Amino acid sequence: MKIIKNSFVFITLSLSSLQASAETQSWESLLAFSSNFSDRLAGSRSEYNAGEWLINQYEDLGFEVNQYNFKYFYKDKKRQSRNIEVVLKGKSPKTLIIGAHYDSTGHRKGSAGLIDNASGTIALLALAKEIKEQEHFYTIRLVSFGAEEVGLQGSKKYVTSSSFDKDNLVGMINLDTVVGGDYLYIHSAHSSPYKCNDAKSSNYEYSPWLRDSLLSESKKLTDISSYHLHPATQGYPEGETGGWSDHAPFACEGVPIAHIEATNFMIKGKSGFDGYSQTSNPNFWTCFNDEKQTACKNKKEKGWGQIWHTKYDQEKYLIPELENHIKTQFHSNIEFLKSFALAFKG
Ligand SMILES: [Zn+2]
């Protein structure tokens with residue numbers, strides 16, 4: 001009995017040390033990706049290099065990587081980017097897409113895109129590693145989109161390409177800025193249609209079932225950060241989000257979507273309670289009025305608690321201030337998505 005008990009302890013310890021080393025690896029990849037490719041401006045050489053690195057990482061894990069090069073116009077110039085995809089076959093051809101853009105606003109905004117969106121990109125990579133040997137019901141496509149920050153070019157191209165298998169697609173989860181803000185939220189598409197191409201708006205889908213499935217699954221896991229629905233704000237009913245990220249082209253195509261992001265809808269930001277101010281940490285404000293959860297003086301405020309698209313979105317500012325917070329959110333997202341992907345049966 002003693003022997004059995006000891007080996008049980010040994011197996012438990014081995015599993016937890018395996019998990020700890022997987023967590024250390026994915027955390028180091030996050031920091032390395034955002035600092036080695038800190039200027040992933042859409043269409044640039046460095047966005048291309050970041051894509052090469054990602055492809056190598058997936059190939060090292062044994063995946064066959066699909067690359068979809070595409071061209072687009074931005075500011076009257078023809079540019080090029082690509083989407084990168086790996087497929088984890090499930091028992092069913094029915095498919096769930098989990099996507100994250102890997103470009104960033106780049107150095108022109110002073111950002112290294114650590115939270116936006118190295119966090120989603122490396123969460124996908126970690127997820128691929130975690131579930132590749134495990135059985136799951138739905139086929140899962142993990143898609144790293146290019147050129148999101150210049151008009152959702154990658155996701156728009158993805159849903160219009162000839163290889164887009166809409167008939168088998170049950171839903172799309174968008175990971176955009178999944179760490180850094182005070183709280184983790186899961187949104188559904190807005191109940192008023194996004195601006196889709198005319199032909200698409202009649203297909204528009206805003207069913208919250210994927211969001212609600214994610215939320216109820218998250219409640220079963222007690223050792224992760226909790227996920228929230230944002231409260232109703234002006235123009236945005238509870239839990240519904242705008243069309244500013246890669247989930248929008250999918251909603252326009254009639255695909256149920258969910259969007260995970262870290263921010264804080266309780267702060268009164270520059271334009272109201274819109275979730276654009278991500279943190280009440282006073283170091284990201286000129287002066288924060290804790291009682292009123294807004295700037296001390298609107299006219300004098302420069303930071304507004306915004307990390308994304310600013311100089312604060314890099315290791316040198318984020319790690320001294322928010323290391324543990326970001327680490328917890330990052331690992332919670334991976335753990336949660338793994339558990340959801342393995343359990344999900346529609
Ligand atoms: Zn983003």
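Every number here is computed from the coordinates shown, using simple stated rules; none is lab data. For clarity, every value in this text was computed on a predicted model and none was experimentally measured. Cβ placement follows ideal geometry from the backbone for every residue including glycine, while neighbour counts extend to all protein chains displayed.
Here are a few things to note about the model shown:
- Cβ-derived FRET efficiency at R0 41 Å, Glu291 paired with Lys91, nearest 0.05: 0.15
- Remark: the Asn283-Tyr48 segment gains 81.2 nm on full extension, using 0.36 nm per residue and subtracting the alpha carbon distance.
- Fewest-first ranking of Lys345, Lys327, using other Cβ atoms within 10 Å as the exposure measure: Lys345, Lys327
- Net +/- balance of residues flanking Ala248 in space, Cβ distance below 9 Å, scoring K and R +1, D and E -1: +1
- Net charge dipole size for the chain [Lys, Arg +1 and Asp, Glu -1 on Cβ; Debye, nearest 20]: 480
- Packing-based ranking, highest mean first, of 104-112, 144-152, 44-52, 172-180 given that Cβ atoms within 10 Å are counted: 172-180, 144-152, 104-112, 44-52
- Orientation-averaged projected area, Cα convex hull of the stretch 23-343 (nm²): 15.9
- FRET efficiency for the pair Thr24 and Asn298, taken as 1/(1 + (r/R0)^6) with r the Cβ-Cβ distance and R0 = 25 Å, rounds to 0.05.
- Listed residues Pro231, Pro208, Pro249, most fluctuating in the chain (Gaussian network, C-alpha, under 10 Å): Pro231
- Percent antiparallel among DSSP beta bridges (both partners in the stretch 167-325, rounded to 5): 50
- A dipole drawn for the stretch 217-346 from +1 and -1 charges on Cβ atoms has a positive end, and of His331, Trp244, Ile307 the residue lying farthest that way is Ile307.
- Under 30 Å from Lys195, Cα to Cα: lysines that are on another chain or at least 8 residues apart: Lys71, Lys75, Lys77, Lys78, Lys94, Lys109, Lys156, Lys157, Lys166, Lys268, Lys270
- Positive minus negative residues near Lys338 (Lys, Arg vs Asp, Glu; Cβ under 14 Å): -4
- Taking the charge dipole of the chain about its Cα centre, with +1 at Lys and Arg Cβ atoms and -1 at Asp and Glu Cβ atoms, the residue from Ser162, Leu96, Leu210 reaching farthest to the positive side is Ser162.
- Between Tyr206 and Lys345, the C-beta separation translates, for a Förster distance of 35 Å, into a calculated FRET efficiency of about 0.95.
- Residue-count net charge about Gln293 - beta-carbon cut-off 14 Å; Lys, Arg +1, Asp, Glu -1: -2
- Taking 0.36 nm per residue of sequence separation and removing the Cα-Cα distance, the Lys311/Thr222 pair yields an extension gain of 28.6 nm.
- In terms of packing, defined here as the mean over residues of other Cβ atoms within 10 angstrom, the peptides 155-166, 113-124 line up highest first as 113-124, 155-166.
- Rounded to 5, percent antiparallel among DSSP beta bridges of the chain: 50
- Within the stretch 78-110: backbone nitrogen closer than 13 Å to the Glu64 label point (7 Å, Cα to C-beta): 86-89
- Cα centroid of the stretch 152-202 to Cα centroid of the stretch 307-324, whole Å: 27
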